[in-house]
Every structure is written in structure tokens, then in C-alpha cells.
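Every read-out reported here was derived from the displayed coordinates using simple, explicitly stated rules and does not represent laboratory data. What you are looking at is a predicted structure, and each value in this text was computed from that prediction instead of being measured. Note that each Cβ is placed from the backbone with ideal geometry, even for glycine, and that neighbours are counted across all protein chains shown.
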Amino acid sequence: MATLFKKQFTKPIPADAKITTRTVKGESKRFAQWTDRKGKRRTAELTTSGKRIKVEAKSWTAKYRDGEGLVCEVATGCRDKQAAMSVLDDLTTRAELVKAKVLSLDQDRISDHQRIPLPDHIAAYIEHLRSRGVNSDRIKTTETRLLQSANGCRWRWLFDLSVHCLENYLGTLTEEPKDDEAIAKPVSASVYNGFVELWVAFGFWCAGKRMAGKRSHRNGEKRLLTNPFEGMRRRDAKQDRRRIARAMTEDELSRLLDAARRRPLDDAMKIRTGPRTGELAANVSEDRRAKLIRLGHERSLIYKTFILTGLRADELRTLTIADLSFDDVPFIKLRRSNEKNRRGSTLPIRSDLAADLHGWTQGRERTEKVFDVPSGILRIMNRDLAAAGIDKADADGFVVHIHALRHSFGTHLSRAGVAPRVAQAAMRHSDIGLTMNVYTDARLLDTAKAVESLPIIRDDGPRKLAPNPGEVGELESISDPSDDLPSDDKTTRKARKTRGFTGFQEVGATGFEPATSASRTQRSTRLSHAP
């Protein structure tokens, strides 16, 4: 059974239509007559109720049995009957191939998806991400980048997808603009890889791959036989890093918190014009003064929380008072929906920060947000940095921004002598290399003192290893009680205790964790003498 027909649907009767009655094949029927916007006279039969008119579609619809024996109706999109007949022939031929086991059912269904525009497939993929509970910001970025690159590659259908076209398009985004071109600056390798990863994920989704937690299966609806982007080459992001975060020193962190606390009131009191320009002498009402002092206190506390917890901006922005606990061991409970990795974590709070947060949230509803973190927090931070006399970018191009406070958290954990595995847990990283290599600024680490703690080799007399005199590090050297070595060479040094954020009064006098005793290392060396 295979046929072509034009579907009928109903529409409201035009306002200026005249109703007439005709006899058609011995049956009396009512018709509406009117003039359309182009000046042409139109006639349409009324429905049985007489309240609407019957209208016939302009394109043909194909009706046939598919390979599974089911009756299907497919819009051909053709107004010409011969063209529609050609589409019907293709559909019936496919059905026969499926019945003959030449084509599989998956291949047959994939053919149906080829007639759906690519933006519709992308919209279905976005809905799939929403159903999985993916972060809304990530979904927005995914949709924007997929549509942007699809338009740039001039893709309209699934069969247009091509690695070659995508590489050419992304290559134009990474090129330096010419002098006569007013276009945005080239994207970094990280952004380039971001586009690639989105299309690889979309390609796997079209090939039927679905995620179930951390596991995946390929039993989803297939729109493509294979992923056309699988194995697409990435660029080396380490060789093309932009906006590399700079960890701040203890002195800079103290100055930043002080400037953030003072600046709202100082800006309101600063005289902008006249001979006294720049003086803090403008009149401010008591009510406004109190609000500005509270605003400065909140901004300073926001920075302090970033520094001492390593929270990300969105995590702090969604933090509620109910997520804080001030019992014997104060902590922050991050909900799955608010954490980046969607795992849910418990973060310890240092005692001085816990006291500040307890005072800040006391008397407020538990459902309230802890802080009102504005969307323009980066712009506010830039002004606070300027007020504190801190350069946003240093000579090497390393930049201070909101996320750099998380880098400062990781760096000062290392400076405080925290074990790498413990620092990784505090940073909530799945890869310790990310903690040690990306979120630890090696320039702030005291490598000179670490080198000084190594044993030295003396050349006076018999060759032997001896510790460097004086207290120089965390290592403790204990000699081997051997009869072959003189007793005066047995030297024992006490371990040096390391304290983080030394002198950082605004954050606290101690490090992130209580100071721990240095590891004790026993070294013994017996050197044989040459005959």
C-alpha cells in the first residue's frame, strides 16, 4: 500500500467571507467566498458545523508500509506530484530493503533523521542535557557554541557534519586579525578544544551513546551510524595559555581585604570636583554610612571566604545559611546541585572564618543566601585591586581575578607544608596533577630554603655526607651510630615547624591547617676508603 494525498485541515472563516450554497454530486454544500491579501478570490467548503472552512495542504503526503509493516505518513514537502512520487518510491524501496534484511532497522531510522534540520537535532540534544541535570550555564554555552560553529560551517543537515569543515572554521577563530579587519581577538587553544569536545559529545549522542551516572551505553536513539568527530585532534592548551592566574602573596591578600572593606565608604566620601578633589570629606548620612560599612564588610568577607575555602564563584553565590554548620568542627556542606562536579562535598572552615561567618549570618533565615555575590564581582574586584595598589597583571602576564583566589588557596596550602594528597582533597580535584601544576604557583614556593635543607659534601679529609650547619629546613638528620665514624659527627637538628599565611592578620595568624611536626628523616652513610 503506497499512495499520495494532500492533507486537509480547518481554519476560521475569514471575516469578509460570503456564504453560498451549491449542489455537488446531488448533495447541497455550503461554501465561503472571500478575497485574500493578494486580491485573488478564494472559495472553500464549510465544515459540517458551519463554523470553519476546509483547507487543503499545498504539498503532498506519502502513505506507505515501512520495513516493520507499520503504516507511515511522511510529508514529502513537494507540491509537484511527480516529485512527490519520486520520494514515495525511495521510501518504499527502503522498506523493501529492510524486509530483505539488506538494511537494518537502525539504518532505516537513521535515514529518517537525515531529513530533519540540524538545529532541531541540536535542540533535542540540549533538552537531553537538561533532563540529565547539567548546569544551566554549561547548557547555555553548549547551545551557543554548537549553533555558532554550525552556522560558521554552513551545516544544515546531519550528513553535512565534517571534521575538515570544523577544523577550517575553528582555524579562522584562532588566526590573528589583519590590520583592516575589525574582528575579535583569536581564541586560545583551550577554547578551540572546548568547541571540539562539544561536537565530539554531540556526535556520540547522535550515535546512540548515553550516560548513566559515570557509566555509558550505546542503546540510545541513533541518528548517525558513527561519530564523525571521534578522534578529532586537539591543540596543546599548555603551550597557548591565556589569562594565567597569579596566586597572591600574604601581604597582597591583606591589602585586598582592607581595601574592599574601606572602599564603599571612601568612594561615597571622596570629593570629585573643586579644589578639595580627592579628599574624604563629603557628607554622608548615618543610614547610608551604615549601609556602606556593611557592604564593605560583606565584600571583604566574600574575598576571605574565597581565599580560605577555595570555593568557586558560583558555589559561593548559591551557598545558603542552612549549608553552614558551626558545631565543634565547623564546616560547609556543598549540595550536589551547586557543586561543579555534582558530587556534594563537606569543607572544613578555619575557626576565625567560622567566627566571622557565624556573626554575619546570626539572626537571619536559614533559606537566605550567605552573601549577595553580584554578577559584576570581577569588575568590583578590579577596583579593589587598584585601591589596594595591586597590579592586576604582573610582568610575566599572570593575572589576578576571582578564580585566582582559588589558586591562592592551593598555593598557600603547599607553602604551609600540607601534603599534596590532602591539598588535592581540599581543592576537590580528581587529578593531583591539576592541584600541583595548575593551582599551585611555583613562584611563591620557597625553593631556595628547600635546596638549603639538602645535605652537603665536605672535601676536608675522608669523604662523607654531613648536614649543613644551622636550622635550615624541615629535614632532621640523625647519624648512624657506627664505630667507623667519629662521635662528634653525630648531629641532630630539631624540625622546623611551617606556618602558612604568616603575618596575614586579616585572614589569620596561622595557616590553613594546624601546624604539624616535620617529618623525621634518618640518614646514614658509610663510605669506603680507597686502598
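Of the cross-linked pairs Lys54/Lys81; Lys63/Lys99; Lys304/Lys333; Lys140/Lys222; Lys214/Lys238; Lys101/Lys222, not one is separated by over 29 Å at the C-alpha level.
Need one word for region 367-425: rounded, prolate or oblate. Basis is the Cα gyration tensor (sqrt eigenvalues a ≥ b ≥ c); a/c below 1.5 gives rounded, then a/b vs b/c decides. Could the numbers behind the result be given before it?
Details: a/c = 2.79, a/b = 1.19, b/c = 2.33.
Oblate.
With a cap of 10 neighbouring Cβ atoms within 10 Å, and only residues DSSP puts in a loop, list the trypsin sites (Lys or Arg not before Pro) found in region 46-93.
Numbers: sites: Lys51, Arg52, Lys54, Lys58, Lys63, Arg65, Arg79, Lys81; in loops: Lys51, Lys58, Arg79.
Sites meeting the loop and neighbour criteria: Lys51, Lys58.
Normalised by the number of residues in region 250-444, the average gap of Cα pairs under 8 Å and 6 or more apart makes the relative contact order 20 percent. For the pair region 283-305 and region 211-250, the centres of their Cα atoms are 42 angstrom apart. Loop-located GluC sites (Glu not before Pro) across region 201-268 with a Cβ neighbour count of 15 or fewer within 10 Å are Glu221, Glu230, with loop assigned by DSSP. Listed by chain and number, the lysines placed with their C-alpha closer than 24 angstrom to that of Lys270 are Lys291, Lys392; residues fewer than eight positions away on the same chain are left out.
Rounded, prolate or oblate for region 2-103? Axes are the square roots of the Cα gyration tensor eigenvalues, ordered a ≥ b ≥ c, and the cut-off for rounded is a/c under 1.5. Because a/c hits 1.5 or more and a/b exceeds b/c, region 2-103 counts as prolate.
Highest mean first, how do 259-269, 232-242, 409-419, 85-95 rank when packing is the count of other Cβ atoms within 10 Å averaged over residues?
On the way: 259-269: 19.4, 232-242: 12.8, 409-419: 21.7, 85-95: 16.2.
Most protected by this proxy first, the peptides run 409-419, 259-269, 85-95, 232-242.
Taking a ≥ b ≥ c as the square roots of the eigenvalues of the Cα gyration tensor of region 250-444, is the shape rounded (a/c under 1.5), prolate (a/b larger than b/c) or oblate? Verdict is oblate for region 250-444.
Using 0.36 nm per residue and subtracting the Cα-Cα separation, the extra length available between Asp396 and Asp352 on full extension is 12.4 nm.
Rounded to the nearest 20 debye, the dipole magnitude of region 110-180 is 380 debye, with +1 charges on Lys and Arg beta carbons, -1 on Asp and Glu beta carbons, and the Cα centre as origin.
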